[in-house]
Every structure is written in C-alpha cells, then in structure tokens.
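Peer 1: Please read through the structure below; I'll follow up with questions.
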C-alpha cells in the first residue's frame, strides 16, 4: 500500500488527494495538514443553511463540500489528517461500517496513548478522553473504494468554528461555542503547552505510520505522480465551484406554514444519535409531496437517502413508519445511529 506523508499542503490538496486516489482505486494512506484554514461541509448538507458564507468570504475562508458525510467543520494547520483509501473488496476491511470504524481507529487510539492520553473508542465513529471528543472521523464509498478520514487535533480555534457556522443569533452562538469548548478537547488542552511541543507534526505522523502498518502491512512512501496530479486537477475543476458547493441548496428549518386547508409546508429538524436530520416536505390531503432530506449523518450507500425521499413521495402520513421499516429491512442501507423511529420523528406532521 502507498504512503503519502505530505505534511503541510495547500488546503485544496488536503481534500482533492483522497478523492482522486479513491476514484483511481489506489489503496493508500495519506497524512496531510492544510497550510491555510478552510471550512468543509458534509456531502448531505445544505451549505447555505450550515455555513455563514458572508463571514467566510469577508475573512477569506474557503468552503468545500466533501464526498464524506458528517457535519460542517473548521479545519486548519493545527489538525493533522489521516486518509485511508482501501478497496471495498479488500478482505481486511470489515463489511459493517461500525466494525470498520472500530478496527481502523485502533492505530489512532494507540498514537494518543503513546503520547500519554488514555483515549477510548465511542461508537459510532468518535474517540473520546473521558467524555470529551478528541478526534473526528468519517467514512464514505467513493468509486470502488472506502475512504476513512480523521484527525489528530493539536489545538482548535473554537472562536472561529463558532463564527463560520450559520447561527440565528449571538446568544445561541455563545451557547454553541461553550458547548463545543466543553465537549471537544485537543492534545494541547490535555497535555499542556510544554508537553505538546515535543510532539510535532513529523513525530506524530511517524507514529501514525508505525501504528497503521500493524494493520496494513508495510507502507511504501511515494510521491504524487502524473496520473494522480491529473486526476486531482480534474477534480479541482468539478469540485471547487458553486455548482458542486450549492447542489443541496434547499432550505430546511423547523416550522409549519399552512397554505390552505389540507395543504401545509413543513420543515423539521430531528437530532438522532447518529446526527442531525433535516427534512422538508409538503403535506397535501394527508400525503407527502416534494420530500427533501439533508443533515450531518453518515449514509451507506450515499444515495440511500435520495431513494428514501423518493419512496416517501405520495406516501400517506400514517404509513411513514411502516414504509421506512420495510426500506431498512429490504435494502442494504446503513445509517449509523439513525433508526426508523428517528425518521418517524423527523417526518411527524
């Protein structure tokens, strides 16, 4: 398997490289960190609803939509990223996504432990120290590959994170910031500034290589070749533009607007264990119309929520639970932490 130990790279490259490797079917481990800050949103998210685009533009903070689920995040050089690209049919990759997370998060756990932090795995895809999250991860199918991404958080800019998010008012923004500060920790916070300084990017990435090799076998250091550079260039054209960024542009908020008797426009949000579900639909004479689903959950295969939305079209409101239950039982869908009951709550009328 190839190893790209790249250190600091342009922010675009920190995203394009793993997308390109996956689409090329090249099994690899990438270790990268963005040279400048940016915001990255999940594949299923609505950028206009999740991100304060005016603030980002005025502060020269680019925004990128990845092909991996999850939520909007602020990324900078204090976060060291690992990106594992592995073929779906590789026998070392567990078929169930929860087993996959548990297996491939073990090297990251060991690196934390080697520097003195007793980190534990918390399903579905978090690493925690006591009750505080200290590493964020996600996985997705891209082409014939599974991409698994995550980070070592040396430090974190809580203030900027709270500013780049689309927040309705300053009081709520303060609450969001405090909640993030209370529940997201960093290596610096846990070890202190002096101890953290001895674990620079090079040292930590060397440990990451050593721990991943215990699972993957020997990794072969390589540089970007012409094939990879060409694919990254092609993806830059298709992924760094407004058409890609704004493709999930329907607004979904928690309210009901009565248009006439028997016709309501409904927007709901429901927090499931696996993430926030946002839905938009019209109820016309007791049936769902124009169903749209977005959120920061992880979904495998990624088009399953689109198929679910299509299935709900013209469905009678009283049949939602049964329809979603049948969908879960008859399709190979995995939405970790999102149950049939969660969908029923989201689509309540």
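Peer 1: Return the Cα extents of the range 65-180 along principal axes one, two and three, sorted largest first, each rounded to a whole Å.
Peer 2: 50, 35, 25 Å, listed from the longest principal axis down.
Peer 1: Given an 8 Å cut-off on Cα distances and at least 6 residues of separation, report the relative contact order of the chain as a percent.
Peer 2: After rounding, I find 18 percent.
Peer 1: Hey, could you grab the Kirkwood Rh for the range 177-225? Inverse mean 1/r over distinct alpha carbon pairs, Å, one decimal.
Peer 2: 13.6
Peer 1: Taking the chain as the reference, fit the longest principal axis to its C-alpha atoms, fit the long axis of helix 201-216 to the helix C-alpha atoms, and give the angle between the two in degrees, 0 to 90, nearest 10.
Peer 2: With both axes taken from Cα atoms, the answer is about 70 degrees.
Peer 1: What spacing in nm lies between the two simple spin-label points modelled at residue 317 and residue 285, each 7 Å away from Cα in the Cβ direction?
Peer 2: 1.5
Peer 1: May I have the pair-distance distribution P(r) for the range 296-349, computed from all Cα-Cα distances with 5 Å bins from 0 and rounded to whole percent?
Peer 2: For the range 296-349, the binned pair fractions read 4, 19, 34, 28, 12, 2 percent.
Peer 1: For the Cα atoms of the chain, what angle does the longest principal axis make with the long axis of helix 320-330, in degrees from 0 to 90, nearest 10?
Peer 2: 40
Peer 1: Could you check how many percent of all C-alpha pairs in the range 255-346 are farther apart than 20 Å?
Peer 2: In whole percent, the long-distance tail amounts to 30.
Peer 1: In a Debye calculation with equal point scatterers on the alpha-carbon sites of the chain and no solvent, what is log10 I(q)/I(0) at q = 0.09, 0.10 Å⁻¹?
Peer 2: Results for the chain at q = 0.09, 0.10 Å⁻¹ read -0.51, -0.63.
Peer 1: Which value in nm describes the separation of the simple spin-label points at residue 36 and residue 106, placed 7 Å from the Cα toward the beta carbon?
Peer 2: Result: 4.1 nm between the two label points.
Peer 1: Another question, if that's okay. Please give the contour-minus-distance gain from residue 330 to residue 197: 0.36 nm per residue of separation, less the Cα-Cα distance, rounded to one decimal in nm.
Peer 2: Roughly 42.7 nm would be gained on extension.
Peer 1: Set the Förster radius R0 to 56 Å, insert the Cβ-Cβ distance between residue 341 and residue 226 as r into 1/(1 + (r/R0)^6), and round the FRET efficiency to 0.05.
Peer 2: Here the calculated transfer efficiency is 0.65.
Peer 1: Let me ask you something else. From the gyration tensor of the Cα coordinates in the range 130-242, what semi-axes in whole Å does the equivalent ellipsoid have, largest first, with each one equal to sqrt(5λ)?
Peer 2: 31, 24, 14
No lab work stands behind these numbers, since they all come straight from the coordinates. Bear in mind that the values here come from a model prediction, so they are computed numbers and not experimental data. Because the Cβ atoms are built from the backbone with ideal geometry, glycine has one as well, and the counts that use them run over all protein chains shown.
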